[in-house]
């Protein structure tokens, strides 16, 4: 790793760290500022004063806010986030067990959407003047309009109920059976990635149409490349950079969609746990889950920022030391 790449990595890591600290403060503060007394949020507004006092003492809610925050953050490093008040489970252990399915679902959907969008978006651009390119554009428009949960229900009916090819729901741990785990994630990933794939496809199509008119495409053709080969070899890499930018902007909606999809397909991930925690007024569980989901988005954004420098070294130059002629 040369000094330029190391510097870029350090800058992005510092950005990740600062963003995580700010995000944790926002999550910690908002739940208290918007919700009021955490003890009454858990017990209900009609709870007896003695019960509320006892719960504050039990959960440490009577301590100063900065002490509660530091203890909460320390719990992520020591594996001690306390226990759920209503469910009685260990919060850190429950989050750790459910992190795998959500991570696989989110990263899988991101990779699938980028890969498919680059392929069919480029195909649509290369065939922009005929019916095949128009058909891809029409399907992309439909994909944008279809909500992910409705797409999930349609996929379940078609591939699970009608054809019987795939399971309708559930999740198999990757370490237990890798093949069955991947099969159980096919429909959820397809449903979650549908809308983002459609958006990226239209973006790729538009960007590729611009790239086709660039001088380096004509230069490649002058050296003996066919038009399609020149576009695929030289244009696709340049189109990938703005596609990553669009993907970064979609990360928040991707995680929001993952919460819905997990409940549609009965996947025991963070989203399903979050819904149960909200319904049970488990404020401390919601607080920890919100921060973990925030961290997933920040880490995905971190890797995307690093990938910019791999696709275009000029970006790394601008983020690293100034270059001099």
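The values are calculated or read from the model by the stated rules, or taken from the named source; none is laboratory data. Keep in mind that this is a model prediction, so the values were computed, not measured. Backbone-built Cβ (ideal geometry, glycine too); neighbour counts: all protein chains shown.
Taking the stretch 145-166 as the range and being touching a residue at least 40 places away in the same chain (Cβ under 8 Å) and crowded, with 17+ Cβ neighbours inside 10 Å as the test, the residues that pass are 148, 151, 152, 156. Counting residues in the stretch 285-301 that are at pLDDT below 80 and in contact with a helix residue (DSSP H, G or I) (Cβ under 8 Å, 6 or more places away or on another chain) gives zero. With respect to (1) surrounded by 15 or more Cβ atoms within 10 Å (Cβ to Cβ); (2) over 24 Å from residue 254 (Cβ atoms), the lone exception for residue 131 is condition (1). The numbered conditions (1) over 26 Å from residue 262 (Cα atoms); (2) under 24 Å from the mean Cα position of the chain (by Cα) are all true for residue 125 except (2). Taking helices (runs of 4 or more DSSP H) as the structural unit, no element lying wholly within the stretch 1-106 holds at least 2 residues that are closer than 30 Å to residue 177 by Cβ, in contact with a helix residue (DSSP H, G or I) (Cβ under 8 Å, 6 or more places away or on another chain) and modelled with pLDDT of 85 or more.
Just a yes or no: is a residue in the stretch 280-287 surrounded by fewer than 16 Cβ atoms within 10 Å (Cβ to Cβ) and over 23 Å from the mean Cα position of the chain (by Cα)? Yes, there is a match, as at least one residue in the stretch 280-287 is surrounded by fewer than 16 Cβ atoms within 10 Å (Cβ to Cβ) and over 23 Å from the mean Cα position of the chain (by Cα).
Which one of these does residue 112 not meet: (1) over 20 Å from residue 260 (Cβ atoms); (2) touching a helix residue (DSSP H, G or I) at 6+ places or on another chain (Cβ under 7 Å); (3) surrounded by 15 or more Cβ atoms within 10 Å (Cβ to Cβ); (4) modelled with pLDDT of 85 or more? Checking residue 112 against (1) over 20 Å from residue 260 (Cβ atoms); (2) touching a helix residue (DSSP H, G or I) at 6+ places or on another chain (Cβ under 7 Å); (3) surrounded by 15 or more Cβ atoms within 10 Å (Cβ to Cβ); (4) modelled with pLDDT of 85 or more, the one that fails is (1).
Results for (1) crowded, with 18+ Cβ neighbours inside 10 Å; (2) closer than 22 Å to residue 106 by Cβ; (3) under 31 Å from the mean Cα position of the chain (by Cα), shown as yes or no for each residue.
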{"residue": "204", "(1), (2), (3)": "yes, yes, yes"}
{"residue": "207", "(1), (2), (3)": "yes, no, yes"}
{"residue": "219", "(1), (2), (3)": "no, no, no"}
{"residue": "226", "(1), (2), (3)": "no, no, no"}
{"residue": "237", "(1), (2), (3)": "no, no, yes"}
{"residue": "261", "(1), (2), (3)": "yes, yes, yes"}
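Do we find that residue 142 is exposed (fewer than 12 other Cβ atoms within 10 Å of the Cβ), closer than 22 Å to residue 253 by Cα and at pLDDT below 85 in this structure? Yes; evaluated as a whole, the condition is true for this residue.
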